[in-house]
Amino acid sequence: MIEMQKLSFSYPNKELLFDDVNEVMPEGHIYGVLGKNGAGKTSLLKLLAGLRFPDKGFVSIDGFEPRYRQSEYLQKVFLIPEEFYLPEYTAEKYENIYAPFYPAFQHDKFNEYLDQFGISESSNLDSLSLGQKKKFILAFAFATNCPYLFLDEPTNGLDIPSKKQFRKFVAHWIDENRTIFISTHQIHDVSKLLDRIVILDEGKILLNESLEKLEECLIIKLHQNDKTSPNAIYSQVALGGKVSLEKNETNQSSDIDLELLFNATLHNSEAIVNATKKEGIK
């Protein structure tokens, strides 16, 4: 479980990025971390991975504070930043050097992931394209069997078949003891995977909720005119009229469009949070 208490963080000579954040994030989920540029998505992942340190308060993951970077903790987490470096090694040499840091690493799975991504163990990493490098490091990350994976824009650089393969890996890898955070602007690439949504803006976590609860407490309606529904939390123009996000008063269910949810949360996060307090839903 991830817990944040009175967490504040800023970069030197800049305004606070996070200010007095208090959140609990249970394990065993695929989190979608959404926010505008500069909202703190990458910084949040680095705080969780122990690459940035809180100014005040703390982050705790399974009893560890990432800032102290104990070896036992580092064996539990793997971060893939949006921009990363691979040394001039073959894939096999990279595995031989770095896999021992992860006691649960599975060599057979690593070869399987590489094969499905079309990468040979004899490949020279520095000669790979950006997309191939991304596929390699994703294969390595899944093979570590770390219970926490933090992925920053993981589908950037992947072609359409590779995005499909990535989604397949995630779906087979996740279980009640494993957790993935996916920070992305490419919502459509991962929307079918996510089961919890975290939305950041201006130093605050506006929303941290399960997709199941959101879909039970909120409903999307298309109004075939240009008028805004009086029940709408948020509306925007769509083909054929206006589409609105409303509190679900009729217990009907509908899939949540994450772009609409994101825009609605930025517009009126209090109404979104209040709507999820519907009794009888956990």
Checklist entry - For the range 181-234, how many residues are aliphatic (A, V, I, L, M) and closer than 19 Å to Glu23 by Cα? => result 11
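Which residues, counting only those in the range 230-250, are in contact with a His (Cβ under 6 Å, 6 or more places away or on another chain) and surrounded by 17 or more Cβ atoms within 10 Å (Cβ to Cβ)?
Within the range 230-250, Tyr234, Lys242 qualify.
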Checklist entry - How about the range 154-225: which strands (runs of 3 or more DSSP E) wholly inside it have at least 2 residues that are free of Cβ contacts under 8 Å to residues at least 60 places away in the same chain, surrounded by fewer than 20 Cβ atoms within 10 Å (Cβ to Cβ) and not assigned by TED's automatic domain parsing to the domain that holds Gly40? => result 218-223
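Does Leu74 fit the bill of being within 22 Å of the chain's Cα centre (by Cα) and touching a residue at least 60 places away in the same chain (Cβ under 8 Å)?
Values: within 22 Å of the chain's Cα centre (by Cα): yes; touching a residue at least 60 places away in the same chain (Cβ under 8 Å): no.
Criteria not met by Leu74.
Conditions tested, residue by residue: (1) among the polar types (S, T, N, Q); (2) within 26 Å of Ser10 (Cβ to Cβ); (3) touching a strand residue (DSSP E or B) at 6+ places or on another chain (Cβ under 8 Å).
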| site | (1), (2), (3) |
| --- | --- |
| Asp189 | no, no, no |
| Lys204 | no, yes, yes |
| Lys213 | no, no, no |
| Lys221 | no, no, yes |
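Hey, could you check the range 77-89 for residues that are within 17 Å of the chain's Cα centre (by Cα) and not β-branched (Val, Ile, Thr) and say which is farthest from Thr179 (Cα to Cα)? Lay out the reasoning, then the answer.
Quick first cut of the range 77-89, residues within 17 Å of the chain's Cα centre (by Cα) only: 77-83.
When the remaining residues are screened for being not β-branched (Val, Ile, Thr), the result is 78-79, 81-83.
Working: Phe78: 11, Leu79: 12, Pro81: 17, Glu82: 19, Glu83: 22 Å.
Out of the qualifying residues, it is Glu83.
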Next on the checklist: Quick check on the range 252-271. Is at least one of its residues under 30 Å from Leu16 (Cα atoms), buried (at least 18 other Cβ atoms within 10 Å of the Cβ) and in contact with a Pro (Cβ under 8 Å, 6 or more places away or on another chain)?
Outcome noted: no
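Could you identify the single residue in Ala91, Ala139, Ala49 that is in contact with a Leu (Cβ under 7 Å, 6 or more places away or on another chain), surrounded by 20 or more Cβ atoms within 10 Å (Cβ to Cβ) and farther than 25 Å from Ile30 by Cα? Lay out the reasoning, then the answer.
Working: Ala139 fails: farther than 25 Å from Ile30 by Cα; Ala49 fails: farther than 25 Å from Ile30 by Cα.
Selected residue: Ala91, the only one of Ala91, Ala139, Ala49 that is in contact with a Leu (Cβ under 7 Å, 6 or more places away or on another chain), surrounded by 20 or more Cβ atoms within 10 Å (Cβ to Cβ) and farther than 25 Å from Ile30 by Cα.
Working only within the range 233-278, note down all residues that are part of a strand (DSSP E or B), of a type in the set (A, V, I, L, M) and closer than 15 Å to Leu211 by Cα.
We begin by selecting, within the range 233-278, every residue part of a strand (DSSP E or B); these are 233-238, 241-247.
Okay, now just the ones that are also of a type in the set (A, V, I, L, M), so 233, 237-238, 243, 245.
Scanning the range 233-278 gives a single hit, Leu245.
The values are calculated or read from the model by the stated rules, or taken from the named source; none is laboratory data. Keep in mind that what you see is a predicted model, and the values were worked out from it rather than measured. Cβ: placed from backbone, ideal geometry, glycine included. Neighbour counts: every protein chain shown.
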